[in-house]
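Below is one structure; the comments refer to it alone.
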Amino acid sequence: VGILRGAKNGRKIAWRADMDALASDSPDVVAFQSTNPGVRHICGHDVQVAIALGIADVLVSLKNQINGTIYFVFQPSEENVRGAKAMIDDGLFEMIDPEEFYALHVTPYPEGIVVSKAGYMFADYDEIELTFESGKDSLKIVEFAKQVIEGLETIEKPEIFDDAMNFGDPEVGLVSPNTIYRDYVSVHSGYYIRERGGKTLISANIGTTDKNLLNEAKNKLEEKLNSSEFNKNFEGIEYFDVTYHPNNDPKLVKTASRSIQEHFGSDTYYEQYGIASGGGDDFALFQEKVPGVYFFLGASDFDKEVIAETHSANFAVDENCIRTGVNIFSILLLDRLKFN
Ligand SMILES: [Zn+2]
């Protein structure tokens with residue numbers, strides 16, 4: 001945690017950057033390859049760190065004109081959602097007492113734009129695990145279970161379903177008022193099938209835009225399995241809550257969007273109308289303590305086929321997004337600190 005105190009007292013604001021990388025054996029698509037074999041920055045947390053350091057650099061140069069305090073929080077272990085909790089357990093909020101908390105994450109949106117919304121940014125995800133007694137029908141059961149799970153889906157996916165493309169699509173994407181990502185149940189990230197002690201276990205992730213939809217989907221799933229020809233083999237379902245959902249403070253979203261559009265133009269900030277179907281972020285735990293805003297920062301250059309689809313083997317960013325991020329969020333923090 002880095003603490004920058006301005007010349008005079010004023011508002012206290014925190015900025016979070018997550019730092020961790022991911023396991024990946026795919027070759028790097030950038031010149032600055034990872035020096036740790038099997039570990040790559042394919043979620044852009046190196047970009048988040050670079051932007052936070054950039055913002056710190058700008059604000060330090062203006063320190064004598066700043067009223068207030070800025071806390072730069074560099075958080076480990078976002079990917080396994082343990083880092084934010086570890087920092088809180090370690091006494092983060094005894095060390096700092098921010099009144100507002102901000103963070104960003106790179107996304108497949110085009111470079112040059114920032115997106116956010118009041119309330120939840122990501123779908124609510126549960127991992128579901130179906131247990132069946134194994135037998136001669138195990139293969140059939142797996143196929144049947146997949147069909148039933150897929151039958152829960154309510155999102156109408158365009159022909160080529162690729163979140164990276166569809167999130168940014170002006171017709172169906174998140175920034176369109178007619179987005180397909182408004183209310184939905186979707187199956188995410190494939191299936192995980194294994195045998196254990198005479199049982200066949202089938203896991204998948206289902207995402208929904210709210211808890212009610214999730215509960216409805218669970219009931220439907222159980223009904224279908226209990227009334228199926230495999231009901232004798234079906235032993236039950238377990239649910240595991242796997243994500244944290246950043247929940248943005250409506251007032252702060254309003255002031256932030258106004259500030260960004262005032263300084264950088266109305267085509268810089270976009271409202272997100274729907275709920276993103278993948279991911280989550282344990283920044284949500286900081287927001288449970290302090291009101292804050294989580295932003296998506298555009299990082300793709302589609303013409304050059306640089307697409308910031310996080311966790312994909314070819315993840316890459318248009319590095320202009322670092323400059324954009326530093327510019328926009330230095331100004332936003334200065335606005336909130338009442339720069340004079
Ligand atoms: Zn990430």
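The residues of region 107-133 that are assigned to a loop (DSSP other than H, G, I, E, B) and either among the hydrophobic types (A, V, I, L, M, F, W, C) or in the same structural domain as GLU150 (by TED's automatic domain parsing) (or both), listed by number, are ILE113, ALA118, MET121, ALA123.
For region 242-262, indicate whether the set of residues that are open to solvent by 70 Å² or more (accessible area, probe 1.4 Å) and more than 24 Å from the chain's Cα centre (by Cα) is non-empty. Yes, that holds for at least one residue. All conditions in (1) more than 16 Å from the ligand (Cβ to nearest atom); (2) outside any strand (DSSP E or B); (3) closer than 16 Å to PHE122 by Cα hold for LEU252, with the sole exception of (3). Specify which of the listed residues (TYR273, TYR269) is in contact with a Ser or Thr (Cβ under 6 Å, 6 or more places away or on another chain), under 25 Å from ILE180 (Cβ atoms), touching a residue at least 60 places away in the same chain (Cβ under 8 Å) and surrounded by fewer than 20 Cβ atoms within 10 Å (Cβ to Cβ). Unique residue meeting the criteria: TYR273. SER203 meets all of the listed conditions (1) in contact with a helix residue (DSSP H, G or I) (Cβ under 6 Å, 6 or more places away or on another chain); (2) open to solvent by less than 50 Å² (accessible area, probe 1.4 Å) but one, namely (1). Can you tell me which residue in region 44-54 is nearest to the ligand (Cβ to nearest atom), limited to those that are touching a residue at least 40 places away in the same chain (Cβ under 8 Å) and either under 26 Å from LEU337 (Cα atoms) or surrounded by fewer than 23 Cβ atoms within 10 Å (Cβ to Cβ) (or both)? The selected residue is GLN48. Take the conditions modelled with pLDDT of 90 or more, away from the ligand (no atom under 16 Å from the Cβ) and more than 19 Å from the chain's Cα centre (by Cα) and apply them to LYS232. Does it pass? When the stated conditions are applied, LYS232 passes them. Looking at region 84-101, can you tell me whether even one residue there is assigned to a strand (DSSP E or B), more than 16 Å from the ligand (Cβ to nearest atom) and touching a strand residue (DSSP E or B) at 6+ places or on another chain (Cβ under 8 Å)? For region 84-101, residues assigned to a strand (DSSP E or B), more than 16 Å from the ligand (Cβ to nearest atom) and touching a strand residue (DSSP E or B) at 6+ places or on another chain (Cβ under 8 Å): present. Put simply, of LYS117, LYS12 the only residue that is open to solvent by 10 Å² or more (accessible area, probe 1.4 Å), under 15 Å from the mean Cα position of the chain (by Cα), closer than 21 Å to VAL253 by Cβ and away from the ligand (no atom under 16 Å from the Cβ) is LYS117. Taken over region 185-241, the residue count meeting the criterion of being assigned to a strand (DSSP E or B) and of a type outside the set (Val, Ile, Thr) is 22.
Summed over region 293-335, the residues that are open to solvent by less than 10 Å² (accessible area, probe 1.4 Å) and assigned to a helix (DSSP H, G or I) give a count of 7. Going residue by residue through region 63-71, is there one that turns out to be assigned to a strand (DSSP E or B) and hydroxyl-bearing (Ser, Thr, Tyr)? The answer is yes; a qualifying residue exists. Residues of region 32-43 that are within 12 Å of the ligand (Cβ to nearest atom) and buried (at least 22 other Cβ atoms within 10 Å of the Cβ): ILE42, CYS43.
For region 15-31, the set of residues classified as more than 20 Å from ASP57 (Cβ to Cβ), part of a strand (DSSP E or B) and more than 13 Å from the ligand (Cβ to nearest atom) consists of ALA23 only. Given the structure, is GLU238 more than 30 Å from LEU4 (Cα to Cα), open to solvent by less than 80 Å² (accessible area, probe 1.4 Å) and among the acidic types (Asp, Glu)? So GLU238 does not fit the description; no.
On the basis of being assigned to a helix (DSSP H, G or I), away from the ligand (no atom under 16 Å from the Cβ) and open to solvent by less than 80 Å² (accessible area, probe 1.4 Å), does LEU285 make the cut? No. When PHE74, PHE122 are checked against the criterion of being within 16 Å of the ligand (Cβ to nearest atom), aromatic (Phe, Trp, Tyr) and at pLDDT 95 or above, a single residue qualifies: PHE74.
Rundown of residues vs (1) closer than 22 Å to ALA256 by Cα; (2) surrounded by 16 or more Cβ atoms within 10 Å (Cβ to Cβ); (3) among the charged types (D, E, K, R), yes/no style:
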| site | (1), (2), (3) |
| --- | --- |
| ALA56 | yes, yes, no |
| VAL60 | yes, no, no |
| ASN67 | yes, no, no |
| PHE72 | yes, yes, no |
| SER77 | no, yes, no |
| MET87 | no, yes, no |
| LEU104 | yes, yes, no |
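The values are calculated or read from the model by the stated rules, or taken from the named source; none is laboratory data. Because the structure is a prediction, the values reported are computed rather than measured. Note that each Cβ is placed from the backbone with ideal geometry, even for glycine, and that neighbours are counted across all protein chains shown. Ligands, DNA and RNA are stripped out before the accessible areas are found, and what is left, the full protein with its side chains, is counted by its heavy atoms. Shrake-Rupley method; radii C 1.70, N 1.55, O 1.52, S 1.80 Å.
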